[in-house]
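Data first, discussion second: the structure below is written as structure tokens.
The values are calculated or read from the model by the stated rules, or taken from the named source; none is laboratory data. Small disclaimer: the values here were computed from a predicted structure and weren't measured. Please note: Cβ atoms are built from the backbone with ideal geometry, for glycine as well, and neighbour counts cover all protein chains shown. Just so you know, the surface numbers come from the protein's heavy atoms only, side chains and all, with ligands and any DNA or RNA stripped out. Shrake-Rupley method; radii C 1.70, N 1.55, O 1.52, S 1.80 Å.
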Amino acid sequence: MKKKCKIKRKISIQKIFCIISILFIIGCFIFYGKRLIKYYKIYNPKIDGESTVYMATDILANTSLVYEGNGAYRINGNTIYKGENVDNYVSFSNMLWRIIKIKSDNTIVMMLDDYINILPWNEEYTAFTKSDIFNYLNDIFIKSFNTEKLAKTTICEDDINSMTTISCSKMNLDNYISLLDISDYVNSIVDDKTFLSKEDEKIWLANSSSAANKAWHTSSNTITLSKPNINYLVKPVVTLANNNVLLSGTGTKENPYIVKEDIKDVRVSSYVKLDNDLYQVYDIEKDVIKLESTKLVTTSRYFSNNSNIYDENDTYSLAYYLNNTYYEELPYKDKLVKGKYYIGKYENSYKDVLSKYTECYIGLLNISDLKFNSDLANYYLTTPIDDGVYIYNSILAKSRIGVKRHIRPTISISKENKFKGNGTLNDPFILED
């Protein structure tokens, strides 16, 4: 009898083990089945009922790799663009970008093709993530984006004191916006040519040298060190998340890759059309949307007869002309509200200009404002310097107040307006009646 009991006990244990095993297998099927469905939906989304693929996959499927000359190279799982003439243009957030690389995780690292300002790195030496220009990008420029479209951008924080010791052992992954890394710039060069900088452009890079107390920047198609208080071009770098969808385009400048964006609200970089005049949003403050003209006023004027302060009450000044004669001629003047136009002097930071302001209907940009479209040049800013004022050109320069310069007006409208459109260049926001 005892022997039979032992056999029955063994059989019971086997049954329990089998049941547990079956339940475990079923649980695995359910768990991994759900994950399979989840990731299938992620990588095979449907838009308007039709299956589509993500942007990086779409671009790579239509990109021929090269092994020499201009084009796309596959290196360590990443697709890197090299040379001067490459079709890697992207239209995103109403700006034109150049793809630096498509990473193995299908995120897309890209740099703005145009510069959005000319600023010093810092008044004194400091690492990039502690610099004034870093704060500017992640305080001011970030307003241009829906950050859900972005992945965090890798910032290499290694100290680079020599071109022979470029490394990236210390990485910052906490921010969305950076500048071009020295390694990415070097890797883009073929036969001393690169699409990342034009001849004579001096663009700040995201690297510094503590030994020299200087920061790195481009100089034509080479790189060098300069003191951080010099004004050079600011070309931001962002990383598109790997779940973005390609709307259209072939990557050429005339037909860039267009990122699908569902834009409903006015944001920085949006286009707004008033009557026949086109503007671009450069800032949004509380209840006010601030717009910069996309063209220069046809007539040139001097800043003032006697003051370097933008003052609409100064009868013989540009400010007076804009807020009287120019304002009265606008067919949409009843749509404008008074805005704050900052006239503080630049000392150590872009924030210094916010120390003083005037309120009026028509203003000008200041040194810290975003400036879209660098083709517009040689126009007055509201930032005073010594006995003159700054002008925005291919460099940030000082001008005497009695010289005739171009005019790029700025205006303000209420956020309470109702808008229709998509805010793009081809379909700008317009005010509903």
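Things worth noting here:
- Output for the range 176-195, where each listed residue is in a loop (DSSP other than H, G, I, E, B) and either modelled with pLDDT under 95 or under 20 Å from Asp87 (Cβ atoms) (or both): Ser188, Ile189, Asp191, Asp192, Thr194, Phe195
- Failed condition for Ala241, given (1) among the aliphatic types (A, V, I, L, M); (2) under 30 Å from Lys260 (Cβ atoms); (3) buried (at least 20 other Cβ atoms within 10 Å of the Cβ): (3)
- Checked against the criteria, Ser226 does not count as small (Gly, Ala, Ser), open to solvent by 10 Å² or more (accessible area, probe 1.4 Å) and at pLDDT below 95.
- Selection from the range 250-261 of residues that are at pLDDT 95 or above, buried (at least 18 other Cβ atoms within 10 Å of the Cβ) and assigned to a loop (DSSP other than H, G, I, E, B): Gly251, Pro256
- Within the option set Arg35, Arg74, being open to solvent by 60 Å² or more (accessible area, probe 1.4 Å) and at pLDDT below 75 holds for one residue only, Arg35.
- Total residues in the range 406-429, condition open to solvent by less than 50 Å² (accessible area, probe 1.4 Å), in a strand (DSSP E or B) and under 18 Å from Gly363 (Cα atoms): 6
- Set side by side, the residues Val337, Val288 differ, and just one is open to solvent by 40 Å² or more (accessible area, probe 1.4 Å), under 31 Å from the mean Cα position of the chain (by Cα) and of a type outside the set (Phe, Trp, Tyr), which is Val337.
- Condition met for Glu432 (open to solvent by 60 Å² or more (accessible area, probe 1.4 Å), under 30 Å from Ile258 (Cβ atoms) and either over 24 Å from the mean Cα position of the chain (by Cα) or modelled with pLDDT under 95 (or both)): yes
- Residues (in contact with a Ser or Thr (Cβ under 8 Å, 6 or more places away or on another chain), of a type in the set (Gly, Ala, Ser) and under 25 Å from Leu318 (Cβ atoms)) located in the range 254-300: Ser293
- As for the range 112-124, it holds no residue that is in contact (Cβ under 8 Å) with a residue 12 or more places away in the chain, touching a Ser or Thr at 6+ places or on another chain (Cβ under 8 Å), over 19 Å from Ser220 (Cβ atoms) and among the hydroxyl-bearing types (Ser, Thr, Tyr).
- Failed item, numbered, when Lys198 is tested on (1) modelled with pLDDT of 95 or more; (2) out of contact with any strand residue (DSSP E or B) (no Cβ under 9 Å at 6 or more places or on another chain): (1)
- Residues in the range 154-174 include at least one that is closer than 30 Å to Lys290 by Cα, in contact (Cβ under 8 Å) with a residue 12 or more places away in the chain and open to solvent by 60 Å² or more (accessible area, probe 1.4 Å).
- Tallying residues that are within 11 Å of the chain's Cα centre (by Cα) and open to solvent by less than 20 Å² (accessible area, probe 1.4 Å) within the range 124-144 yields 3.
- Residue within the range 93-114 that is within 21 Å of Asn229 (Cβ to Cβ), within 16 Å of the chain's Cα centre (by Cα) and assigned to a loop (DSSP other than H, G, I, E, B) present: no
- Scope the range 325-334; condition surrounded by fewer than 18 Cβ atoms within 10 Å (Cβ to Cβ) and either farther than 20 Å from Leu291 by Cβ or in contact with a strand residue (DSSP E or B) (Cβ under 9 Å, 6 or more places away or on another chain) (or both); matching residues: Tyr327, Leu330, Pro331, Tyr332
- Residue in the range 371-401 that is farthest from Lys235 (Cα to Cα), counting only those that are touching a residue at least 24 places away in the same chain (Cβ under 8 Å) and among the β-branched types (Val, Ile, Thr): Ile401
- From the options Asp132, Asp139, residue that is more than 28 Å from Thr57 (Cα to Cα), touching a residue at least 40 places away in the same chain (Cβ under 8 Å) and of a type in the set (D, E, K, R): Asp132
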